[in-house]
Amino acid sequence: MNSIIATQNDENAKGVPREETGVVGEDIISKLHDSILGHILSFLQSMEAVHTSLLSKRWIHVWKSITGLQLNDCFHYVGKKKMHKQNFECFVNRMLLLLANSRIQSFSLCLTSYQYDSTYVNAWISSIFEKGIKNLHIQYSYEVLFPSHSLFSCSSLVQLVLQMKCTLCVPFFASLPNLKILNISGIKLVGESFTYSEELILNLPVLQVLEARGCEWQTMQNIRIEAPLLERFYIAIWRSLSDEACKSSINVFAPCLTDFFYEGDLEQDVILLNSPSIRSASVVIVVDEDRKDRMKKLEYQAHKLLAQILEVQQLKLLFYKVLVHARDIFTHLPAFGRLTYLQLNEITGEALLNILHSSPILNTLVLQNGVSDLNKDVSSASVPQCFLSSLKVFQFKEFNVHECELLLAKFVMANAKVLEQMTICTAFWLRYSDIDMERVTQQILSFPKCSNLAVIKCISVDKLH
């Protein structure tokens with residue numbers, strides 16, 4: 001090995017030009033097959049891919065072998081301004097015409113700079129569906145007429161991302177047999193006007209990820225999503241987005257579901273059918289304070305939703321403007337027999353104790369925004385099972401030094417037998433107050449501890465910034 005290196009060094013020392021070796025300056029890329037070059041160019045913005053035709057005669061038609069189109073009307077050339085609206089329309093039309101016989105597998109259309117004629121956008125999307133597209137991503141902020149029939153007839157789709165204002169007409173039965181990822185936002189879903197079935201069925205046999213944000217589910221019939229391989233389901237649904245009254249529910253058959261995320265106002269039912277495998281869940285509920293008249297219904301709806309995820313192991317439960325008006329949400333709560341991690345924000349002392357009693361093997365408790373209305377007689381309250389055998393970590397964020405918060409800290413320290421760490425982070429506003437945090441810290445540290453292993457940390461907001 002050393003002799004070879006020595007020989008190479010001798011040749012270089014003799015001043016042999018590197019160009020004569022054929023290593024430096026050789027155009028290896030141009031020798032690749034057009035199909036390989038087309039695949040590489042597909043990772044570029046389509047405007048850049050077309051510009052490679054200027055490199056040499058070899059590259060004049062190479063860009064026509066691309067398998068993916070990326071069209072973005074806010075794309076800037078180096079040293080140039082973005083393309084004018086009319087020029088961009090001509091570019092898209094010409095690209096789709098020249099690639100009419102090409103097999104395009106992925107198509108990304110990002111329209112954020114201008115408002116286009118709806119018929120143009122509809123024609124572009126319809127043209128792409130005819131090519132047997134696999135990956136489709138469309139972003140557009142204006143209302144557009146969407147070719148619903150073309151979408152539900154495109155059996156080749158693997159990934160679909162629609163971030164746009166449009167109406168999808170859902171047939172009484174639709175199947176997308178190869179779709180694995182579905183991400184929609186801003187979409188309004190309605191049933192076909194001539195459809196009279198009691199239920200609309202979306203058959204998605206290999207779907208793994210479903211995310212729906214800010215969509216209007218305005219079908220008169222219930223929607224049933226059959227996704228036996230679905231693993232992640234995220235839905236943000238607000239009935240306040242529409243003034244129309246809608247009684248339909250969203251039923252999801254997902255026996256393999258492991259991650260569930262809900263964000264909304266509980267105005268519309270989301271029903272999980274046979275989902276015993278959920279391990280991680282996040283439930284964020286925000287209620288319009290003008291709708292106090294429906295708080296009793298809210299309690300029922302919250303119970304109904306939580307009862308579907310009783311096997312969860314990690315739960316983030318965030319209520320905004322809810323518990324002030326609906327205090328009984330956590331009353332008679334079913335047991336979370338496998339719950340080990342719990343994060344809460346707005347919570348009353350009574351509600352907190354109720355949910356702790358329903359979580360017998362809880363390991364970690366995170367209070368994101370303190371606690372309110374804790375009874376002064378809490379020291380005589382029954383101790384939750386998790387305090388006696390499993391609770392090891394307690395994080396208290398946004399600590400405001402209220403009396404009820406100090407009572408809670410004292411209650412935890414006095415009763416959590418296996419507690420290992422309790423961290424208290426003070427609220428931001430305390431840095432401008434006259435409260436003596438050193439004295440508060442010493443007061444907390446003086447509370448009796450049931451666990452000799454417990455490490456108590458009081459972190460001032462000044463140390464976090």
Given the criterion assigned to a loop (DSSP other than H, G, I, E, B), closer than 30 Å to S113 by Cα and open to solvent by less than 60 Å² (accessible area, probe 1.4 Å), identify the matching residue among L179, L189. L179
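Do you know which residues across the stretch 421-430 are assigned to a helix (DSSP H, G or I) and in contact with a Leu (Cβ under 9 Å, 6 or more places away or on another chain)? Lay out the reasoning, then the answer.
Start the filter on the stretch 421-430 by keeping residues that are assigned to a helix (DSSP H, G or I), which leaves 428-430.
The one that is assigned to a helix (DSSP H, G or I) and in contact with a Leu (Cβ under 9 Å, 6 or more places away or on another chain): F428.
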Give me the pairs, please: first residue somewhere in the stretch 95-116 and of a type in the set (S, T, N, Q), second residue anywhere and in a strand (DSSP E or B) and open to solvent by 20 Å² or more (accessible area, probe 1.4 Å), beta-carbon distance under 6 Å, and either six or more positions apart or on two chains. S106/N135; S108/Q70; S108/H137; Q115/Y142
Here is a list of conditions, (1) open to solvent by 10 Å² or more (accessible area, probe 1.4 Å); (2) among the polar types (S, T, N, Q); (3) assigned to a loop (DSSP other than H, G, I, E, B), and S141 meets all of them except one; can you say which number that is? (3)
If we ask which residues in the stretch 389-420 are open to solvent by 70 Å² or more (accessible area, probe 1.4 Å) and either modelled with pLDDT of 95 or more or part of a loop (DSSP other than H, G, I, E, B) (or both), their number turns out to be 4
Restricting attention to the stretch 157-176, the residues that are more than 25 Å from T112 (Cα to Cα) and at pLDDT 95 or above number exactly 2
State whether the residues of the stretch 318-332 include one that is at pLDDT 85 or above and of a type in the set (A, V, I, L, M). yes
Residue list for the stretch 144-193, filter: closer than 14 Å to P205 by Cα and small (G, A, S): S155, S156, A174, S175
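Report yes if some residue within the stretch 373-380 is in a loop (DSSP other than H, G, I, E, B) and crowded, with 17+ Cβ neighbours inside 10 Å; otherwise report no. Show your work before the answer.
First pass over the stretch 373-380, keeping only residues in a loop (DSSP other than H, G, I, E, B): 373-377.
If we keep only those that are crowded, with 17+ Cβ neighbours inside 10 Å as well, we get 374.
Looking through the stretch 373-380, at least one residue is in a loop (DSSP other than H, G, I, E, B) and crowded, with 17+ Cβ neighbours inside 10 Å.
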Under 8 Å by Cβ, and 6 or more places apart or on different chains, what pairs join a residue from the stretch 431-456 that is on the phi > 0 side of the Ramachandran plot with one that is part of a strand (DSSP E or B) and of a type in the set (D, E, K, R)? none
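Can you tell me which of Q385, Q368 is touching a residue at least 40 places away in the same chain (Cβ under 8 Å) and open to solvent by 20 Å² or more (accessible area, probe 1.4 Å)? Break it down stepwise before answering.
On the way: Q385 fails: touching a residue at least 40 places away in the same chain (Cβ under 8 Å).
Just a single option satisfies the conditions, and that option is Q368.
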It is to be established whether one or more residues within the stretch 101-113 are open to solvent by 20 Å² or more (accessible area, probe 1.4 Å), part of a helix (DSSP H, G or I), under 25 Å from K165 (Cα atoms) and among the β-branched types (V, I, T). no
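Is at least one residue of the stretch 69-86 surrounded by fewer than 19 Cβ atoms within 10 Å (Cβ to Cβ) and in a helix (DSSP H, G or I)? Please lay out each step first, then the result.
Filtering the stretch 69-86 for residues surrounded by fewer than 19 Cβ atoms within 10 Å (Cβ to Cβ) gives 74-82, 84-86.
Checking which are in a helix (DSSP H, G or I) leaves us with 85-86.
Checking the stretch 69-86: at least one residue is surrounded by fewer than 19 Cβ atoms within 10 Å (Cβ to Cβ) and in a helix (DSSP H, G or I).
The values are calculated or read from the model by the stated rules, or taken from the named source; none is laboratory data. Keep in mind it's a predicted model, so treat the numbers as computed, not measured. As a convention, Cβ positions derive from the backbone with ideal geometry for all residues, glycine included, and neighbour counts pool all protein chains shown. SASA here: full protein model, heavy atoms, side chains in, ligands and nucleic acids out. Shrake-Rupley method; radii C 1.70, N 1.55, O 1.52, S 1.80 Å.
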